[in-house]
């Protein structure tokens, strides 16, 4: 199963659109987030003003009051979701209406979080960063699940990969050095060393890389066939197989003995 294209890469929280009709709160939020926090803050006194400003400002996050004259925060959120530029922009509500029923309603609307009023200004930036981090983690979760599915499929296929390497080593031990067979073993080992590392099987990757380097040196030898016995490769390939079984033991289904 191919991995889906991952979501927009995680980035630092930087641009904040604050929608609040209380000028005192706007001044305080602008101070703690803009002057002190270092964020780029744009403040709007109404939902209408914010909807007009959002496409040009392109906020990373919208900090939205619920109770405002004209369109309230809930209506504003729905309007933001209809705009192409803010369709997926996370919204955090600031409100004194933070009873359990209210919170359930905001959550159902898909808001990122709620900051109850009154709030501690010194903790505002930390709260927003925590919510931003939680969002990033939630967006990564489906990608991680797909990765684990691919990893399980990779482990299931490992016996055939190891089996091909063992067959090549056994042929060399039986019939002696054959350059084409050694090259085949090298390519199998090279692919295993790279792919197992990608799937977090670091011990297998290191063991396969050692065998890869040994086979590479054999192929680079100025004399052919090498003076050493090909039987030694059988022992090394078996070691790679044992490492594969050991490292995959906790992954279902386990590797069968080769």
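The values are calculated or read from the model by the stated rules, or taken from the named source; none is laboratory data. Fair warning: this is a prediction, and the values are worked out from it, not measured in the lab. In this analysis, Cβ positions are derived from the backbone assuming ideal geometry, glycine residues included, and neighbour counts consider all displayed protein chains.
Report yes if some residue within region 153-172 is closer than 30 Å to residue 220 by Cβ and either touching a strand residue (DSSP E or B) at 6+ places or on another chain (Cβ under 8 Å) or assigned to a loop (DSSP other than H, G, I, E, B) (or both); otherwise report no.
no
Let me spell it out: the conditions are (1) surrounded by 18 or more Cβ atoms within 10 Å (Cβ to Cβ); (2) free of Cβ contacts under 8 Å to residues at least 12 places away in the same chain, and residue 52 meets all of them except one. Which number is the exception?
Unmet condition: (1).
Residue check: is residue 149 out of contact with any helix residue (DSSP H, G or I) (no Cβ under 7 Å at 6 or more places or on another chain), closer than 21 Å to residue 249 by Cβ, without any contact (Cβ under 8 Å) to a residue 12 or more places away in the chain and not assigned by TED's automatic domain parsing to the domain that holds residue 65?
No; evaluated as a whole, the condition is false for this residue.
Does residue 193 qualify as being within 30 Å of the chain's Cα centre (by Cα) and buried (at least 21 other Cβ atoms within 10 Å of the Cβ)?
Answer is no for this residue.
May I ask you to list pairs of residues, at least six apart or on different chains, whose Cβ atoms are under 7 Å apart, with the first in region 31-47 being in the same structural domain as residue 67 (by TED's automatic domain parsing) and the second being part of a strand (DSSP E or B) and surrounded by fewer than 17 Cβ atoms within 10 Å (Cβ to Cβ)?
Taking only residues 6 or more apart or on different chains, the pairs are 40/15.
Could you list, in sequence order, all residues of region 1-31 that are assigned to a helix (DSSP H, G or I) and either at pLDDT below 90 or loosely packed, with under 10 Cβ neighbours inside 10 Å (or both)?
Result: 24, single match.
So, in region 167-186, exactly how many residues are surrounded by 13 or more Cβ atoms within 10 Å (Cβ to Cβ) and out of contact with any helix residue (DSSP H, G or I) (no Cβ under 7 Å at 6 or more places or on another chain)?
Adding up the residues that qualify gives 2.
Within region 81-116, track down each residue that is closer than 18 Å to residue 26 by Cβ and buried (at least 17 other Cβ atoms within 10 Å of the Cβ).
91, 92, 93, 94, 95, 115
Results for (1) in a loop (DSSP other than H, G, I, E, B); (2) touching a residue at least 24 places away in the same chain (Cβ under 8 Å); (3) over 33 Å from the mean Cα position of the chain (by Cα), shown as yes or no for each residue.
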position	(1), (2), (3)
208	no, yes, no
214	no, no, yes
217	no, no, yes
226	yes, yes, yes
